[in-house]
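Take a look at the structure set out below.
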Amino acid sequence: MGRSPPKVGSLVKLPPPKQTSRGSFEETLARRRSVREFDDVALGDAEHSQLLWAAQGITHRTMGLRTAPSAGALYPIEVYLVTNEGVYHYEPRAHHLEKLMSADVRNALSNAALRQESVGGAPSILVLAGVYERTAKKYGRLAAPRASQTPTYRRRSAALHKRAG
């Protein structure tokens with residue numbers, strides 16, 4: 001995060017995200033490639049800000065709309081940032097992070113992701129977690145997992161394309 005690590009419970013204000021880019025979405029898609037080797041350089045606050053906003057950021061303050069779709073505008077996906085400094089929860093409305101823990105859990109995430117080295121060695125990891133209860137209240141318990149997970153794939157794709165652009 002570019003400074004001394006914040007304490008658990010503290011808020012980390014993020015710089016405002018850019019909502020325009022140099023290239024078109026089509027150009028970004030044309031340049032997209034799978035990558036198996038990654039830099040081990042930590043991302044800065046501006047890059048974290050951009051990725052978090054692309055994953056779940058607010059696009060319309062009054063209506064609370066976000067960068068990714070959600071059945072019934074319930075937004076059951078929570079976004080977490082994991083770094084060597086700890087685990088942070090992203091709060092889209094305020095566009096800030098709240099530090100939840102100081103432990104480096106990247107190896108545990110790597111193990112949970114079938115021991116993928118790219119996960120354990122990544123300087124920054126975005127974790128998307130579904131809160132099924134939000135969707136279940138409106139659509140029922142059987143539909144909740146599907147309604148919660150479908151936008152996750154779109155959100156992951158949007159964040160990855162934003163990073164590539």
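Scanning region 59-72 for any residue that is more than 20 Å from Thr135 (Cβ to Cβ), out of contact with any strand residue (DSSP E or B) (no Cβ under 6 Å at 6 or more places or on another chain), outside any helix (DSSP H, G or I) and not charged (D, E, K, R) turns up at least one such residue.
In region 14-27 there is no residue matching the filter, namely being small (Gly, Ala, Ser), within 28 Å of Tyr132 (Cα to Cα) and in a loop (DSSP other than H, G, I, E, B).
Of all the criteria given as (1) over 12 Å from the mean Cα position of the chain (by Cα); (2) outside any helix (DSSP H, G or I); (3) in contact (Cβ under 8 Å) with a residue 24 or more places away in the chain, the one not satisfied by Ile125 is (1). Assessment of region 46-54 against the conditions (under 18 Å from Thr83 (Cα atoms) and surrounded by fewer than 11 Cβ atoms within 10 Å (Cβ to Cβ)) yields no matching residue. When the criteria are applied in full, His89 meets the requirement of being under 15 Å from the mean Cα position of the chain (by Cα) and free of Cβ contacts under 8 Å to residues at least 12 places away in the same chain. For Ala42, state whether it is of a type in the set (A, V, I, L, M), in contact (Cβ under 8 Å) with a residue 60 or more places away in the chain and closer than 21 Å to Asp104 by Cβ. When the stated conditions are applied, Ala42 passes them. Exactly one residue out of Arg36, Arg66, Arg31 is under 15 Å from the mean Cα position of the chain (by Cα) and basic (Lys, Arg): that is Arg66. Scanning region 59-76 for residues that are modelled with pLDDT of 90 or more and crowded, with 17+ Cβ neighbours inside 10 Å gives Arg66, Thr67.
For Asn107, the conditions (1) closer than 19 Å to Asp40 by Cβ; (2) at pLDDT 90 or above; (3) not hydrophobic (A, V, I, L, M, F, W, C); (4) not in a helix (DSSP H, G or I) all hold with the exception of (4).
The values are calculated or read from the model by the stated rules, or taken from the named source; none is laboratory data. Bear in mind the structure is a predicted one, so any value in this text is a computation, not a measurement. Because the Cβ atoms are built from the backbone with ideal geometry, glycine has one as well, and the counts that use them run over all protein chains shown.
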